[in-house]
Each structure stands twice: as C-alpha cells, then as structure tokens.
Amino acid sequence: MGVTKPDALDPRAPHWSDFSRINETPSEWTFKVLEWDGDPDADGVADRGEAEVVHGDHRFVVTTWLQSRDRTHDRYWGVAYETVNQDGEDEPLAFHISTSQSIARNNLGHARDVLDNGEPEPHVLIRDHVGGPRETFEYPAEHMAEKAADLQIELKIGNDDREYIVTVHSKAEWERTLERERVLESMGMGGRDV
C-alpha cells in the first residue's frame, strides 16, 4: 500500500503524499502513483501526475496538473472512475475537476464510501450529441453518474464545440428504453441507433 514511486515523496510534489493518506485508515483500497512529470529545469510549468486508487474491480484515476497563468499558475485536480463505455471498453470519465485538493479528496472519499457501503445501483450517463452520436457511460452508483453529468454540463457552458444533452438513468431503466426503441424500430415507427 501507499506511494510506490520515490519521486512522489519529493518536496516539490507534496500533493501525492497528501493524497496517499487515504491509506492511513484500515482499508482494502490501494493508492499507487503511476506517473509524475515534475522536471524543475523544463521551460514553463512542467508538473503533471497520475495515480490510481483500486479495490477489487473498482478503479479511480486521479490526475493533477499545473495550468499556466500570467506570472503564476493554478493547480488542478481530476478524479475519474474507470467506466465501461457502450463498446464495452474501459474508459476513465472524470466526475470531478477543481483547483482544490481537499474537495477532490472529499469527492474521491465519498465515492469510495458509496461503493463500500452496500450494493449500489448501476447508473448510466447519456451524452446525446446534437445531430450526432449518442454515448453511454456506465457507473456503479447514481452519485458518480450525477457528479459526472454535472461536470459535463459545466464543461459545455460557454464552449461551442460541446453540443450535447446529458442525462442520467438507472441501468435497468436505460435497458428498458433501449428495448422500447428496438421494438419501435422493428415496427417502422422510429427508434434510434445507440
């Protein structure tokens, strides 16, 4: 358990040391730094890292990076759950991005608690592009799907390149919707390809 790369304990990268504290309490979750690029001699801001938090089949991907500003920078944090997309492939989809490490840790901690407490109901996030494809992403719990939907809406605001409608449904409800669409399609009454 704990941080596995010595570089992650470097004083210039205290963020990973702090984030790895999720292992200080008895838990089956493990934290591992996968990558840290913090070259102090690089031009501009060169600090980016990625870590994984894993328990059983559940995997979270945590990223942190510096965003350059005039004469300064902001540190960002992203938390993603490795979802299964409509093609059955693993795909990390962020459900939290912010400049606050503590809020990112809280979001990760709450998502872990949801998974640890009982049997959460799988939900899907639907990203329906205007005049284009419809994407589906499966989450193990409603909380993460709702957080991801909020983030997708936030990323869309003020960005003309992001033309989509975002909704969240239980997996069972979504499967019923798809079945209705298939029936309507077979009867020549509309429907839609996923």
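The values are calculated or read from the model by the stated rules, or taken from the named source; none is laboratory data. Bear in mind the structure is a predicted one, so any value in this text is a computation, not a measurement. Positions of Cβ are generated from backbone atoms using ideal geometry, with glycine treated the same way; all protein chains shown enter the neighbour counts. The protein model used for the area step is the full one, side chains on, heavy atoms only, and it has no ligands, DNA or RNA in it. Shrake-Rupley method; radii C 1.70, N 1.55, O 1.52, S 1.80 Å.
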Legend entry - Interchain or long-range residues, amide H under 5 Å from ALA141's placed H: HIS123
Inset, instruction - Can you find, among LEU115, PHE60, THR99, the residue farthest towards the positive end of the dipole of the stretch 48-194? Put +1 on the C-beta of Lys and Arg, -1 on that of Asp and Glu. - result: THR99
Inset, instruction - Keeping the other protein chains in place, figure out the carbon and sulfur percent of the accessible area of the stretch 71-194, with a 1.4 Å probe. - result: 46
